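Before any comments, here is the structure.
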Amino acid sequence: MGPTVSDTFLFWTNKGGVGKTTLCFHSLVTYAELHPNHNVIVIDTDEQANLSQMLLSSINASIQGDINCAALRDVKVNTTEGYPRTLSGVLLAATESSGFGECEYRTTNGTHLKQQSSFLVNPHLEGYNPNVPHNVYLLCGDPRIVTLVPTIQAKLSAPGATDINPATNKSEWSKIISILKNFIEKASTQLSGGTAAAAFVDSNPSMTIWTQMALAASDKLVVPVNADDFSTAALRTMFFSIYGLYSFGGSLSRFEKGMFHNVMKAHSMPVPKVHAIIHNRSNIYAQGASKGFQAMNSAQAEQLFGAFVEAKQAGINEVKRIFNFNQHIGGSEPKSSTDFANAYTGTMRDMLTSAVATQHSGIPLWMIKRFKKTVKQDLNVTNLDVSSSSSLGDLLGVQRGDGGRGVSLIQLIQGSPVPQGDLNRIWDEFNTSASKVTPPRR
């Protein structure tokens, strides 16, 4: 029996285009690099599978991630049932009678994976992307999950589906909604050999079945936002749909009992706690940053603190159900929107060309200089050094002698500063040209 999964981070908001997949990619590869003795399980529940494409791309090969994703749909972990080595295969195995018992896969490097773990792809060890840390394991996204919606929705909405069995304290609804939670727990144990694990989940910007499964599987919610009114409004909607704050009331209030947050409460199942709000594509550090950016960031801080105050009216237990209190320095609660912002929010400035380069090539930010020549040839981009340097500073922390710039994104996510030795090591790798590069620590 392996150790439990320490953290499961869900990158989600109900607004599209805010950069959640890009932020999830850079957060998970950085976390994996900083925690080489942890297995990092990645679940891609977005039918577009963009996160999977990034992880399965490689600047070392001409085949890109979308081709590798498509190929995995034809790889079977159960030849009898034909379950593909993707999210669709997991959903089928979890909802059909045959289950995971006969599932197994032997990778190209000779690793024999069984049951839930057989669905996980290691991009580094299996040769898809040698630039991803060796301890990353991916459950590949699959656009075919949309074909499963009618079948799974019928199970969720069948008469008696939410009735709780007193003997097990579970219902058919809770079993289905917990598919990914159970998958992560089982797969991490099967992979472990005593190794600790963390999980990162990317989801689509709506309240689909897959989103609900992702929410049920996660304990920490990371919410990317942009500096616009739509992101501010989305925060309020998020607090309603996940946590039940800001009930609309009126003639439709009687239907709220069937909403996700109410059914989760009825089953005594926790939802992920608000862990971090990331101002993405922000210019607040830039000299002469626009007043519009500052105004939007302030409005979002007020919206978030307002939700905190709203929850507090129901008592401290409700606050702790919704917000990760460990983000508060010394355990003290915020007294203002500024206090809240200091505890919960981080910033990633516009990544510009470095975003394009890393998305296309599947490389961490600290490898951009190593592959700069190839990236420039492939994408005809310029100014990689400037954009990648500022982005790595926001993600990891500034290099020696650069001066403080607030809490880094990875510090906010993992809850602790990056050790100075690791910080120096990664910055040294970033600043090393391709001709002088040495193999990274594995």
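The values are calculated or read from the model by the stated rules, or taken from the named source; none is laboratory data. The model shown is predicted, which means the values in this text are computed figures rather than measured ones. All Cβ positions, even for glycine, are placed from backbone atoms using ideal geometry, and neighbour counts span all protein chains on display.
Listing for the model above:
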| item | result |
| --- | --- |
| Pair list, Cβ < 9 Å and 6+ apart or interchain, from region 422-438 residues that are over 18 Å from residue 408 (Cα atoms) and assigned by TED's automatic domain parsing to the domain that holds residue 392 to residues that are surrounded by fewer than 13 Cβ atoms within 10 Å (Cβ to Cβ) and at pLDDT 90 or above | none |
| Residue list for region 28-64, filter: crowded, with 24+ Cβ neighbours inside 10 Å, small (Gly, Ala, Ser) and out of contact with any His (no Cβ under 8 Å at 6 or more places or on another chain) | 49, 52 |
| Selection count, region 80-92, where residues are within 23 Å of the chain's Cα centre (by Cα) and either free of Cβ contacts under 8 Å to residues at least 24 places away in the same chain or assigned to a loop (DSSP other than H, G, I, E, B) (or both) | 2 |
| Search result, residues across region 190-225 that are polar (S, T, N, Q) and over 17 Å from the mean Cα position of the chain (by Cα) | 190, 192, 195 |
| Residue in region 198-213 that is in contact with a His (Cβ under 9 Å, 6 or more places away or on another chain) and in the same structural domain as residue 14 (by TED's automatic domain parsing) present | yes |
| Subset of region 209-239 (residues that are closer than 14 Å to residue 276 by Cα and out of contact with any strand residue (DSSP E or B) (no Cβ under 9 Å at 6 or more places or on another chain)) | none |
| Residue satisfying all of: in region 228-250; without any contact (Cβ under 8 Å) to a residue 40 or more places away in the chain and in a loop (DSSP other than H, G, I, E, B); surrounded by the most Cβ atoms within 10 Å (Cβ to Cβ) among these | 244 |
| Matching residues, region 262-280, being assigned to a loop (DSSP other than H, G, I, E, B) and either without any contact (Cβ under 8 Å) to a residue 12 or more places away in the chain or of a type in the set (S, T, N, Q) (or both) | 268 |
| Residue selected from region 359-388 under the condition within 26 Å of the chain's Cα centre (by Cα) and of a type in the set (Ser, Thr, Tyr), by the criterion surrounded by the fewest Cβ atoms within 10 Å (Cβ to Cβ) | 387 |
| Segments classed as strands (runs of 3 or more DSSP E), wholly inside region 1-79, with at least 2 members that are touching a Pro at 6+ places or on another chain (Cβ under 8 Å) | 5-11, 76-78 |
| Residue in region 111-120 that is closer than 12 Å to residue 85 by Cβ and without any contact (Cβ under 8 Å) to a residue 40 or more places away in the chain present | no |
| Unique match (being in contact with a helix residue (DSSP H, G or I) (Cβ under 9 Å, 6 or more places away or on another chain), farther than 19 Å from residue 220 by Cβ and modelled with pLDDT of 90 or more) among 276, 266, 307 | 266 |
| Total residues in region 131-171, condition among the small types (Gly, Ala, Ser), surrounded by 10 or more Cβ atoms within 10 Å (Cβ to Cβ) and in a loop (DSSP other than H, G, I, E, B) | 4 |
| Filter result for residue 42 (farther than 19 Å from residue 117 by Cα and in contact with a strand residue (DSSP E or B) (Cβ under 7 Å, 6 or more places away or on another chain)) | no |
| Filtered residues of region 281-295 (kept if in a loop (DSSP other than H, G, I, E, B) and either under 21 Å from residue 13 (Cβ atoms) or modelled with pLDDT of 95 or more (or both)) | 283, 284 |
| Tally of residues being part of a helix (DSSP H, G or I) and of a type outside the set (A, V, I, L, M) across region 197-227 | 3 |
| Every pair of residues 6+ apart whose Cβ atoms lie under 7 Å, when the first sits in region 44-73 and is closer than 23 Å to residue 211 by Cα while the second is among the acidic types (Asp, Glu) and at pLDDT 95 or above | 44/202; 45/202; 46/202; 49/142; 51/44; 51/202; 52/44; 73/142 |
